[in-house]
Structure formats: C-alpha cells, structure tokens
1. Mind grabbing the base-10 log of I(q)/I(0) for the range 313-361 at q = 0.15, 0.29, 0.31 Å⁻¹? Debye formula, identical points on the C-alpha positions, no solvent, two decimal places.
2. For the range 434-484, would you read off the P(r) tail past 17 Å as a percentage of all alpha carbon pairs?
3. Under the 0.36 nm per residue contour assumption, what length would be gained going from the current alpha-carbon distance of residue 430 and residue 230 to full extension?
4. Along each of its three principal axes, how wide is the spread of alpha-carbon positions in the range 143-281, in whole angstrom units, largest first?
5. Extension gain residue 437-residue 196, at 0.36 nm per residue separation less the Cα-Cα distance, in nm?
6. For the range 208-302, what is Rg from Cα atoms divided by 2.2 N^0.38 Å, rounded to two decimals?
7. Label the range 92-222 by shape, choosing from rounded, prolate and oblate, from the square roots a ≥ b ≥ c of the eigenvalues of the Cα gyration tensor; if a/c is under 1.5 it is rounded, and otherwise prolate applies when a/b is larger than b/c, oblate when it is not.
8. Given the Cα-Cα distance of residue 144 and residue 509 and 0.36 nm per residue of separation, how much length would full extension add, in nm?
Amino acid sequence: MNESSHLDELLASRAGGTRRAIEPCTVVIFGASGDLTSRKLIPALYHLALEKALPTPYRIIGFARREKTDDSFRVELREALGKFSRTKPVNDTVWAAFAANLHYCQADISDASGYQRLNELINRADDEKLKSNLLFYLATNPSQFGEISQHLSDVGLLEKCENGGCMQRLVVEKPFGHDLPSAQQLNAELIRNAHENQIFRIDHYLGKETVQNILTFRFSNGIFEHLWDRDSVDHVQITVAEKLGVGSRGGYYEESGAMRDMIQNHVLQVLSLVAMEPPVSLEAESIRDEKVKLLKSIRPMTPADVAKHVVRGQYFAGEVDGEARPAYRSEPKVDPKSNVETFVAMKLWIDNWRWSGVPFYVRTGKNLPVSASEVRIQFKPAPNILYGAKSDVHLDPNSLTLRLQPNEGIALRFNGKVPGGGTKLQPVRMQFSYDTEFGAYTPEAYERLLLEAIAGDATLFIRRDEVETAWGIVDSIRNAWLEKPLTNREFYLAGTWGPTASDDLLSCDQREWRHPQPQK
Ligand code: BG6
C-alpha cells in the first residue's frame, strides 16, 4: 500500500466508513514568522503535498508582521525545510509546486487594514472554493485569538455558522489558557465569532498514531475490553518521560511547569482514551462526549489529598546519558529561587462503575533517564494456589504495555515455564511492533492534525468542555501548592526518575513503578 492510500484508508475508517471529501482550501497561518511555522507546520504541509494528500487546488498564506515578499518567504521556508524535514533530501520538484501555492501577507495582528489585504489576497484565487473554504491557523500568543477572530469576522472572512457545514475554521495552539477562568475567557472570545464546531483546539498527542490506536485497540478487538475494568485490573500506570531539560524554554516554562505543560493536556488526554467508555459511534462528538464524561469522573482533590497523592519535583544538576545538565534554577530565564515543578507524579481515582477502586498512577518529567511515553495496564495477580502457592515461585502479575513512543508497539507480559525439569517460571512477552508490522510509517502528528482540520473532522481536537474540565482538575492541585515553596525532598537529580516521594507513592500501596526500557 502506498503512503497516500494508507492515509486515505485511515481517514475513511475514522469517519465511520464515509470518506470525507477534502475540498479545495486556503490555509492562513497567523504568526507565520514564528518557530512553529518553519519547524512543524510547513514541513507537515510539504509532506502532505509529497504524499498527494492535499486538496487540489490549495493555497497557504502566511500572515505576520515582519517585512517579506512571497519570494523571500518561500526562500526562508525552503531553507528551514532542509533542516526540519522528516524525510531528506527535500524533493525539489514537489517543493517548487508547493512553493507556488505559498503567499505572504505582511501585517500587524491589530491592524484592521491588514485583514482587508488578506481578504483581497484570498479573493484573488481562481477557484471559488479557495475563497470560501478557509482554515485559519492561529500560531500566535493566545491573548491574540479574540482579536484575530474579531478582525476576520469584520472583513467577512469568518462567519459564525450554527448548523454544521462550516466552511471557515479556526485552529488554535496550546497553551489554551493558564487556568480555568482564563480558558473560559478565551472560549468566550472565540465563540463570539465562531461556533464551537468551527474551533479546532490542538493537542499534538492526539495526532500520534499510537494515541489514536488506543481506541482502535480497545474497541476493534473482542478480548481486551472484557478485561478492562476493576474486576481484572489492579492499577494503571501512565508515564510521559523526557530526557530533555527545559533548555532555552525557561521563560515559557516558568509560567507553566509540568502540570500545565503536560498533565493538563497530553497526560489527561491519554488517560481519557485509556479509561473512557465505548462511544456510541466513531463520530467526533460521540468520542468527545465519552472523554468529557471520563474527565468529569476523576475524583476532585482536596488540599489534603494533594499532599498525600501528588508529588512534585524539580531537577538539580546531574547527568543524562553522561551529559552534564544544569539545575532547573540555573537554566536561562529561570528565577534562581523558582518553585516551578519539572516533575509530577500522582495517584488519581476514577469514580465510575468500571474503575471504582482502581488507582491510576501518572507521571511526567524533564531530565529523566529515558524519553518514553507508555501506558501500562497491570492486571490482578493470579490467586495463591497451584503455582502461586509454591514458596520458591514468584508469579509476576500479567501486564499489557502500550508503548506510545518510541519503539511504538504493544506488549503482553505473562508467565511461562522455563524448559527443563521443575516448575521454574519466568515472565515472557508477546510483542507487536509498528516497525516490524507496518514498516517505518511515522508521519508527524502535525501532518495528521492539519489534514483532519482541512477535512473538518474534529475527532482529534479538544472540545470546549474537555479543555475546561481538564483545567478544573489541574487548578485544584495547583491551588494547593500556592505559597508552598519546594522542600528538599522535592528535588531530584537530573537523570533519575524524580524525587523518592514518587516511588513512595506506589510503595505505600505495595506497588512499584515499571520504568519504560531505554530504546535498544
Ligand atoms: C509539548 C510541551 O506540548 O510537548 C513540551 O510543551 C514537551 O514541553 C512536548 O517537550 C513533548 O512532545 P513529544 O511529542 O516530544 O512527546
């Protein structure tokens, strides 16, 4: 199967069998001089062009303040593509055709005349659809979302459309607010000029194949879902670990910390896919309804619960893979007395019929020993009879590990008899690896997300009530930390698995973290 038919098939399957037609579309990127455009968005669009997945015709317009012409914009992006493209070398024939569809509109975001010029540029297209089917990608500071959508509406480029069939859509980047009130405020600004079904909030984890596969794995197989509840599952571990430190992003990170940067979005998204009930259909709203229901059933925490069930940490100087790492407090643009957390581990309870009594342990952090994201379903142990009754046999409980990245795949762990006399047992694994099974098909999350937004399918984007519910969970924890400086126990050596309190969180329940294995 070639790559574009593979994409077609995936898209068709998620739309419940009816392939959504991808229609001619103009993509306008606000903040087109920024990092995201050159590192992620243009390389993703170029690869979609390479795979012939973009509609015909299409246009891409960069909107930003810096002075540039169409030509200089193209030259700059070609240079960046050479660096950031996931396939090399860049195909110059494809690039030349792609670049001919790239335009630049120089204007300040708050200058109304810039939007007039944008309107004229859009209306200069030959194809009628290119004038009405518009995707506005807001790669800007969230404080500008409201202003941009107001200007777009004023010049008639964005029309609020209540009854589906919307031709104009807004894609917005994270962070979507910094707490519940600010997210509500952003939502209120956006829905002044666009209906909820025109707003596509990005969480790039949802663009990852392995994250999408969580639902496929659970609901296209007959055997696993029977085990997916409090009768069979002892507990669940979700780890999103990074070897990278904060590096040059200190300014941003000081305002966010691990809780806002990773838990509020990526970790809670993965958790909701792992734990949600089956949706009534594969349509976006059915899936998102179930995710919201799940988030709402996470037990709210009092400050006393936070003290007991949430561990925060901050790295001090150490080594990752033999490379020296500075302390977080010594990173550029970080307050030398900062109390911002670079690590969080916590125990969550989901108060619904399926999961009552099953703890979900989640953790994320920077400067950890490996970069890996995994979900581990740890099943209840076999009873203490037969093999379990033998004093010389240690029975490992079964587990199922969804390796989201890297080394993408799924492993089922069970006990096997070591060949030979006696009853010696050993845990063994059944492995599924994406690479072995499907070859190295690894599109960037942004390719998938852009294509879905162009097709108008919101399944992989975050709905308003979802983002607000997630903020509610995170806010109650962060509020309990207010005015509480980090204690010595909350620091961890860069290159280790967080503060020892993270291990204690599980050991006091007679459990332990299973760390993802480094990639071979
Ligand atoms: C981003 C966070 O959303 O996700 C970063 O802001 C983090 O801090 C990144 O490094 C992780 O994404 P990935 O795809 O590398 O796991």
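1. So the normalised log intensities work out to -0.58, -1.06, -1.11.
2. Percent of Cα pairs beyond 17 Å in the range 434-484: 63.
3. 69.7 nm
4. 56, 43, 26
5. My answer for the length gained is 82.9 nm.
6. 1.28
7. Oblate is the answer for the range 92-222, as a/c is 1.5 or above yet b/c matches or exceeds a/b.
8. Extra length available between residue 144 and residue 509 comes to 126.8 nm.
The values are calculated or read from the model by the stated rules, or taken from the named source; none is laboratory data. Here the structure is a predicted model, which is why all the values come from computation and not from measurement. Note: ideal-geometry Cβ built from the backbone for every residue, glycine included; neighbour counts use all protein chains shown. Surface accessibility is based on the protein's heavy atoms, side chains included, excluding ligands, DNA and RNA. Shrake-Rupley method; radii C 1.70, N 1.55, O 1.52, S 1.80 Å.
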